[in-house]
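See structure below.
The values are calculated or read from the model by the stated rules, or taken from the named source; none is laboratory data. Note that this is a predicted model, so its numbers are computed, not measured. Here the Cβ positions follow ideal geometry from the backbone for every residue, glycine too, while neighbour counts run over all protein chains shown.
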Amino acid sequence: MGNLPGWKREIWSNKTFGELPFEAKMVTFQDLAALLKQNGKILLRTLTFGLLFLLVANLGSSSCLAYLDFRAALVMDNNTGRIMYCKNPDLRLPPASTTKLMTAILVLEKAELSKVVRISKRAVRVRPVKIGFQEGDKLKVEDLLYAALLKSANDAAVALAETVAGTEKHFVELMNKKAYFLGLKNTKFINATGLPGPGQYTTAADLSKLMSYALNYPKIREIMETPEAKIHTVEGKVFFLRTTNRLLESHEKVIGKTGFTNRAKHCFVGALKKGTKNIIFAILGSENRKNLWLEAKRLTISGYGNQGGRAKDYLGR
C-alpha cells in the first residue's frame with residue numbers, strides 16, 4: 001500500500017470493508033487496482049462482498065445524492081438509533097435558529113406555561129427575526145414559545161431566557177449544562193437565539209439527538225405541528241404567526257425547526273413517521289431555502305436516506 005495516501009493505508013490495513021467510514025469506501029478504481037496487486041487474495045476476500053453490496057446499494061442513489069448540496073446531514077431511525085444516511089455528521093457548524101429547540105426544552109422544564117412575562121428593553125433591541133414587541137408588553141410563556149418555534153422570533157427567545165434565568169447569559173449556562181447532560185459533545189451555545197457569534201456550534205449528529213429528546217415534550221410537538229397561530233399580549237394586542245417550516249404542509253407532515261444566518265446558511269432539524277420508522281434528520285449549511293426543502297425531501301420522503309450512511313447508533317442505545 002506504499003503508493004496510497006496515509007489515511008487510506010491506515011484504514012485499509014486495520015479494518016474490514018464493512019467497518020470503513022463512508023469516505024473511505026469511495027475509492028477510485030486505480031486505488032483498488034493498486035491494493036489488489038499488492039495484497040492479493042487476503043485483501044480480495046475482504047473487499048469482494050463489501051464492494052458488491054456498495055455497488056447495489058448505490059445504483060439508485062448516486063445520481064440523486066450528487067445534488068444534495070449541504071455541508072452536513074444525518075438521517076436516523078429514532079426507534080433504534082440506526083443511521084440511514086450521513087454526511088459530515090460530526091462536523092462543527094453554526095446552528096442558527098435550530099438553537100431555539102434547546103431554549104424551548106429548558107423553558108418547559110423550568111417555567112409554567114401560564115406565567116406572564118414582561119418584555120424587556122434588551123429583548124426588544126435584539127436583531128431580527130422578531131415579532132416586534134414593545135418594552136413592557138406582557139405575554140404568557142406559552143405564547144412566547146409559539147413565537148420562538150413557529151416564527152423563530154429572537155425577541156421571544158430572549159424574553160423566555162430572561163424569565164427562566166434572570167439574564168440570557170445565565171440561561172446560556174443552563175443550555176450548555178443540558179447539552180453536556182444529553183451527551184452533545186460537539187455543541188456549544190452562546191445565546192438563546194442562534195444569532196451568530198464566536199464559539200457557537202453544533203453538528204448534524206448532536207442536533208438529531210437534541211430533536212430526539214425534544215420530542216419527549218408534547219408541547220414542543222404540538223407547536224411544531226401547528227401551521228398558523230395567533231398570540232396576544234395581556235393587554236389584547238394580537239400577533240399572527242405562520243410556521244417557517246414549509247414541509248409541514250407536505251403529505252408526510254414533517255415537523256421541525258428552521259434556522260438561517262449568513263454564516264450558517266439554511267438549516268433544518270425535523271421528524272416524520274414513515275411506515276414503522278420514526279425518522280429524525282438534520283441538515284446544516286444548505287445554500288438556499290428552496291434547496292433545503294428539496295434536499296430534505298430527497299433524504300427522507302423520497303427514501304434516498306436509506307442509502308449509504310453508517311451502522312452507528314447516535315442515541316447510545
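Restricting to segment 233-255, name every residue that is under 15 Å from Lys290 (Cα atoms) and touching a strand residue (DSSP E or B) at 6+ places or on another chain (Cβ under 9 Å). Within segment 233-255, Thr244, Asn245, Arg246, Leu247, Leu248, Ser250 meet the criteria.
Conditions tested, residue by residue: (1) free of Cβ contacts under 8 Å to residues at least 24 places away in the same chain; (2) in contact with a Phe, Trp or Tyr (Cβ under 8 Å, 6 or more places away or on another chain); (3) of a type in the set (Lys, Arg); (4) surrounded by 14 or more Cβ atoms within 10 Å (Cβ to Cβ).
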{"position": "Thr244", "(1), (2), (3), (4)": "no, no, no, yes"}
{"position": "Ile255", "(1), (2), (3), (4)": "no, no, no, yes"}
{"position": "Gly259", "(1), (2), (3), (4)": "no, yes, no, yes"}
{"position": "Arg263", "(1), (2), (3), (4)": "no, no, yes, no"}
{"position": "Lys274", "(1), (2), (3), (4)": "no, no, yes, yes"}
{"position": "Ile280", "(1), (2), (3), (4)": "no, no, no, yes"}
{"position": "Gly285", "(1), (2), (3), (4)": "no, yes, no, yes"}
{"position": "Glu295", "(1), (2), (3), (4)": "no, yes, no, yes"}
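Just one of the listed residues (Thr193, Thr167, Thr233) is in contact with a Lys or Arg (Cβ under 9 Å, 6 or more places away or on another chain), at pLDDT 95 or above and closer than 28 Å to Pro89 by Cα, namely Thr193.
Each row is one residue, and each column tells you yes or no for (1) within 21 Å of the chain's Cα centre (by Cα); (2) closer than 12 Å to Ser97 by Cβ; (3) not charged (D, E, K, R).
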| residue | (1), (2), (3) |
| --- | --- |
| Ile119 | no, no, yes |
| Arg125 | no, no, no |
| Val129 | yes, yes, yes |
| Leu150 | yes, yes, yes |
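Here the condition is being in a helix (DSSP H, G or I) and either free of Cβ contacts under 8 Å to residues at least 40 places away in the same chain or farther than 23 Å from Gly197 by Cβ (or both); of Leu101, Leu108, it holds for Leu108 alone.
Among the residues of segment 166-221, just one is out of contact with any Phe, Trp or Tyr (no Cβ under 8 Å at 6 or more places or on another chain), over 16 Å from Gly270 (Cα atoms) and assigned to a strand (DSSP E or B), namely Tyr201.
Residue count for segment 116-138 under the criterion of being exposed (fewer than 13 other Cβ atoms within 10 Å of the Cβ) and of a type in the set (A, V, I, L, M): the result is 0. Out of Ile255, Ile280, Ile223, one residue alone is more than 14 Å from the chain's Cα centre (by Cα), at pLDDT 95 or above and not aromatic (Phe, Trp, Tyr). It is Ile223.
Okay, residues lined up against (1) surrounded by fewer than 19 Cβ atoms within 10 Å (Cβ to Cβ); (2) modelled with pLDDT under 95:
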position: Ala57; (1), (2): yes, yes
position: Ser62; (1), (2): yes, yes
position: Leu65; (1), (2): yes, yes
position: Asp69; (1), (2): yes, yes
position: Ala73; (1), (2): no, no
position: Asn79; (1), (2): yes, yes
position: Cys86; (1), (2): no, yes
position: Leu91; (1), (2): yes, no
